[in-house]
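The values are calculated or read from the model by the stated rules, or taken from the named source; none is laboratory data. Predicted model, so just to flag it, every value in this text is computed and none were measured. We place every Cβ from the backbone using ideal geometry, glycine too, and count neighbours over all the protein chains shown. Quick note on the areas: whole protein, heavy atoms, side chains included, nothing else; ligands and nucleic acids left out. Shrake-Rupley method; radii C 1.70, N 1.55, O 1.52, S 1.80 Å.
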Amino acid sequence: MQKGYNLKLKDADVWYYPNVFSEQESLLFFNTLKVDVKWQQDKITVFGKTYDQPRLTALYANNSMPYSYSKIKMQPHTFSADLLNIKQKVESICKVEFTSCLLNFYRSGLDSNGWHADNEKELGKHPIIASVSLGAPRVFHLKHRKDKSLKHKLTLEPGSLLLMQGQTQHNWLHQIPKTKKRIGERINLTFRIIK
(Lines give C-alpha, C1' and ligand atoms only; values in the text may rest on other atoms or scores of the structure.)
Protein backbone atom coordinates (compact mmCIF):
# COMPACT_ATOMS: atom_id res chain seq x y z
CA MET A 1 0.00 0.00 0.00
CA GLN A 2 1.39 3.39 -1.02
CA LYS A 3 1.99 5.66 1.97
CA GLY A 4 0.80 9.24 1.69
CA TYR A 5 -0.29 12.01 4.01
CA ASN A 6 -3.08 14.57 4.08
CA LEU A 7 -1.96 18.24 4.01
CA LYS A 8 -4.79 19.04 6.46
CA LEU A 9 -5.87 22.22 4.66
CA LYS A 10 -9.12 23.91 5.69
CA ASP A 11 -11.98 23.40 3.16
CA ALA A 12 -9.86 21.01 1.09
CA ASP A 13 -8.81 17.38 0.73
CA VAL A 14 -5.21 17.23 -0.56
CA TRP A 15 -2.90 14.21 -0.27
CA TYR A 16 0.80 13.89 -1.09
CA TYR A 17 2.42 10.54 -1.93
CA PRO A 18 6.22 10.70 -2.30
CA ASN A 19 8.10 8.01 -4.25
CA VAL A 20 5.13 6.49 -6.08
CA PHE A 21 7.64 5.81 -8.84
CA SER A 22 11.26 4.90 -8.14
CA GLU A 23 14.11 7.17 -9.23
CA GLN A 24 14.86 4.81 -12.11
CA GLU A 25 11.20 4.58 -13.24
CA SER A 26 10.81 8.37 -13.00
CA LEU A 27 13.88 9.00 -15.15
CA LEU A 28 12.81 6.42 -17.72
CA PHE A 29 9.28 7.86 -17.97
CA PHE A 30 10.62 11.43 -18.13
CA ASN A 31 13.02 10.67 -20.99
CA THR A 32 10.39 8.77 -22.98
CA LEU A 33 7.59 11.29 -22.50
CA LYS A 34 9.85 14.25 -23.33
CA VAL A 35 10.44 12.73 -26.79
CA ASP A 36 7.18 10.86 -27.50
CA VAL A 37 4.49 13.27 -26.28
CA LYS A 38 2.94 15.55 -28.93
CA TRP A 39 3.80 18.81 -27.14
CA GLN A 40 2.19 22.09 -28.20
CA GLN A 41 2.58 25.72 -27.19
CA ASP A 42 -0.68 27.64 -27.19
CA LYS A 43 -1.23 31.38 -27.11
CA ILE A 44 -2.81 32.83 -23.99
CA THR A 45 -4.42 36.28 -23.65
CA VAL A 46 -3.98 38.14 -20.35
CA PHE A 47 -5.46 41.63 -19.90
CA GLY A 48 -5.81 42.05 -23.66
CA LYS A 49 -2.22 41.02 -24.50
CA THR A 50 -1.42 37.70 -26.20
CA TYR A 51 1.62 35.65 -25.19
CA ASP A 52 3.05 32.20 -25.72
CA GLN A 53 1.91 30.05 -22.80
CA PRO A 54 4.95 29.74 -20.45
CA ARG A 55 5.16 25.92 -20.79
CA LEU A 56 4.35 23.21 -23.31
CA THR A 57 1.17 21.14 -22.96
CA ALA A 58 -0.53 18.04 -24.37
CA LEU A 59 -3.84 16.26 -23.79
CA TYR A 60 -4.28 12.48 -23.87
CA ALA A 61 -7.46 10.50 -23.20
CA ASN A 62 -9.31 7.23 -23.63
CA ASN A 63 -12.12 9.16 -25.40
CA SER A 64 -12.49 12.07 -27.83
CA MET A 65 -13.66 14.63 -25.26
CA PRO A 66 -11.86 17.99 -25.68
CA TYR A 67 -10.76 20.07 -22.69
CA SER A 68 -11.05 23.86 -22.49
CA TYR A 69 -9.35 26.30 -20.12
CA SER A 70 -8.26 29.97 -20.41
CA LYS A 71 -9.97 30.15 -23.85
CA ILE A 72 -7.76 27.28 -25.10
CA LYS A 73 -9.55 24.20 -26.45
CA MET A 74 -7.42 21.04 -26.57
CA GLN A 75 -8.20 17.89 -28.55
CA PRO A 76 -6.93 14.64 -27.02
CA HIS A 77 -4.44 12.13 -28.43
CA THR A 78 -4.82 8.43 -27.59
CA PHE A 79 -3.03 7.22 -24.44
CA SER A 80 0.40 5.68 -25.11
CA ALA A 81 1.57 2.50 -23.34
CA ASP A 82 3.72 4.56 -20.92
CA LEU A 83 0.85 6.90 -20.05
CA LEU A 84 -1.43 3.89 -19.46
CA ASN A 85 1.19 2.35 -17.14
CA ILE A 86 1.42 5.57 -15.10
CA LYS A 87 -2.38 5.96 -15.13
CA GLN A 88 -2.89 2.42 -13.84
CA LYS A 89 -0.53 2.98 -10.88
CA VAL A 90 -2.22 6.32 -10.05
CA GLU A 91 -5.69 4.76 -10.25
CA SER A 92 -4.67 1.93 -7.90
CA ILE A 93 -3.70 4.54 -5.28
CA CYS A 94 -6.59 6.97 -5.83
CA LYS A 95 -9.27 4.26 -6.32
CA VAL A 96 -10.64 6.31 -9.24
CA GLU A 97 -10.72 5.72 -12.99
CA PHE A 98 -9.46 8.73 -14.95
CA THR A 99 -10.45 9.46 -18.55
CA SER A 100 -7.87 12.10 -19.45
CA CYS A 101 -4.40 13.46 -18.75
CA LEU A 102 -3.25 17.03 -19.28
CA LEU A 103 0.56 17.12 -19.40
CA ASN A 104 2.74 20.17 -18.74
CA PHE A 105 6.40 20.44 -19.73
CA TYR A 106 8.35 23.06 -17.74
CA ARG A 107 11.56 23.57 -19.73
CA SER A 108 13.27 25.76 -17.08
CA GLY A 109 12.49 27.84 -13.99
CA LEU A 110 11.07 30.52 -16.31
CA ASP A 111 8.22 28.21 -17.35
CA SER A 112 5.32 28.47 -14.93
CA ASN A 113 1.60 28.08 -14.28
CA GLY A 114 -0.20 31.07 -12.72
CA TRP A 115 -2.80 31.05 -9.93
CA HIS A 116 -5.81 28.98 -10.96
CA ALA A 117 -8.26 26.28 -9.93
CA ASP A 118 -9.09 23.21 -12.01
CA ASN A 119 -12.81 23.91 -11.89
CA GLU A 120 -13.89 23.83 -15.55
CA LYS A 121 -17.46 22.59 -15.97
CA GLU A 122 -16.42 19.43 -17.88
CA LEU A 123 -14.58 18.26 -14.73
CA GLY A 124 -17.86 17.98 -12.78
CA LYS A 125 -18.92 19.35 -9.40
CA HIS A 126 -16.07 18.07 -7.20
CA PRO A 127 -13.09 17.56 -9.53
CA ILE A 128 -10.50 14.93 -8.68
CA ILE A 129 -7.02 15.87 -9.96
CA ALA A 130 -4.10 13.46 -9.57
CA SER A 131 -0.79 15.10 -10.42
CA VAL A 132 2.41 13.10 -11.06
CA SER A 133 5.79 14.89 -11.13
CA LEU A 134 8.79 13.75 -13.18
CA GLY A 135 12.15 15.49 -13.65
CA ALA A 136 13.31 18.43 -11.55
CA PRO A 137 11.53 19.24 -8.24
CA ARG A 138 9.33 22.36 -8.35
CA VAL A 139 7.70 24.40 -5.59
CA PHE A 140 3.88 24.21 -5.58
CA HIS A 141 1.88 27.00 -3.89
CA LEU A 142 -1.70 26.84 -2.60
CA LYS A 143 -3.78 29.72 -1.26
CA HIS A 144 -7.35 29.89 0.07
CA ARG A 145 -9.74 31.93 -2.06
CA LYS A 146 -11.35 33.80 0.87
CA ASP A 147 -9.06 33.51 3.90
CA LYS A 148 -5.86 35.24 2.73
CA SER A 149 -3.97 33.98 5.81
CA LEU A 150 -4.28 30.37 4.60
CA LYS A 151 -1.36 29.45 2.35
CA HIS A 152 0.71 26.33 1.83
CA LYS A 153 3.95 25.57 0.00
CA LEU A 154 5.17 22.11 -1.01
CA THR A 155 8.09 20.86 -3.11
CA LEU A 156 6.82 18.32 -5.64
CA GLU A 157 9.57 15.71 -5.94
CA PRO A 158 10.13 13.46 -8.97
CA GLY A 159 8.09 10.26 -8.75
CA SER A 160 5.54 11.87 -6.41
CA LEU A 161 1.74 12.06 -6.65
CA LEU A 162 -0.39 14.98 -5.43
CA LEU A 163 -4.12 14.24 -5.13
CA MET A 164 -6.62 17.12 -4.90
CA GLN A 165 -10.28 16.22 -4.39
CA GLY A 166 -13.51 17.16 -2.59
CA GLN A 167 -13.98 20.94 -2.17
CA THR A 168 -10.33 21.79 -2.97
CA GLN A 169 -10.90 23.42 -6.38
CA HIS A 170 -13.83 25.49 -5.05
CA ASN A 171 -11.94 26.89 -2.08
CA TRP A 172 -8.26 27.00 -3.09
CA LEU A 173 -6.07 28.25 -5.94
CA HIS A 174 -2.70 26.76 -6.87
CA GLN A 175 0.33 27.67 -8.98
CA ILE A 176 3.85 26.69 -10.05
CA PRO A 177 5.66 30.07 -9.84
CA LYS A 178 8.58 31.19 -12.00
CA THR A 179 12.03 31.02 -10.44
CA LYS A 180 15.36 32.53 -11.48
CA LYS A 181 17.16 29.57 -9.92
CA ARG A 182 18.82 27.30 -12.45
CA ILE A 183 16.66 24.19 -12.37
CA GLY A 184 16.16 21.29 -14.72
CA GLU A 185 13.21 20.29 -16.85
CA ARG A 186 10.01 18.93 -15.30
CA ILE A 187 7.06 17.02 -16.73
CA ASN A 188 3.79 17.04 -14.82
CA LEU A 189 0.89 14.70 -15.63
CA THR A 190 -2.50 15.79 -14.31
CA PHE A 191 -5.03 12.98 -14.50
CA ARG A 192 -8.67 14.04 -14.48
CA ILE A 193 -12.20 12.87 -15.32
CA ILE A 194 -13.68 14.80 -18.23
CA LYS A 195 -17.45 14.36 -18.50
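Tabulated data for the structure shown
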| item | result |
| --- | --- |
| Accessible area expressed per residue, the chain, with surrounding protein chains retained (probe 1.4 Å, Å²) | 53 Å² |
| The range 79-142: radius of gyration over Cα atoms, expressed as a fraction of 2.2 N^0.38 Å | 1.25 |
| Long pairs among LYS49/LYS71; LYS71/LYS121; LYS3/LYS34; LYS38/LYS73, criterion Cα-Cα beyond 18 Å | LYS3/LYS34 |
| Net length gained if the chain between GLU122 and LYS151 were fully extended (0.36 nm per residue, minus Cα distance) | 7.7 nm |
| Reachable lysines, given that their alpha-carbon falls under 17 Å from the alpha-carbon of LYS125 and they are not under 8 places away in the same chain | LYS195 |
| Aspartates and glutamates with Cα under 19 Å of LYS151, excluding same-chain neighbours fewer than 8 positions away | ASP11, ASP13, ASP118 |
| Accessible surface of the range 1-157, 1.4 Å probe, proportion on carbon and sulfur as whole % | 54 percent |
| Among 44-54, 69-79, 158-168, the order from most to least packed when residues are scored by Cβ within 10 Å on average | 158-168, 69-79, 44-54 |
| Eligible lysines near LYS146 by straight Cα distance, threshold 16 Å, same-chain separation 8 or greater | LYS10 |
| FRET efficiency, 1/(1 + (r/R0)^6) with R0 30 Å, evaluated for LYS38 and LYS8 via beta carbons | 0.20 |
| The chain - convex hull of the alpha-carbon atoms, volume per residue in Å³ | 121 Å³ |
| Cβ-based net charge around GLY159, under 11 Å, with every Lys or Arg adding one and every Asp or Glu removing one | -2 |
| Label zone at SER68 (point 7 Å along Cα-to-Cβ), backbone N below 18 Å, the range 36-57 | 42-46 |
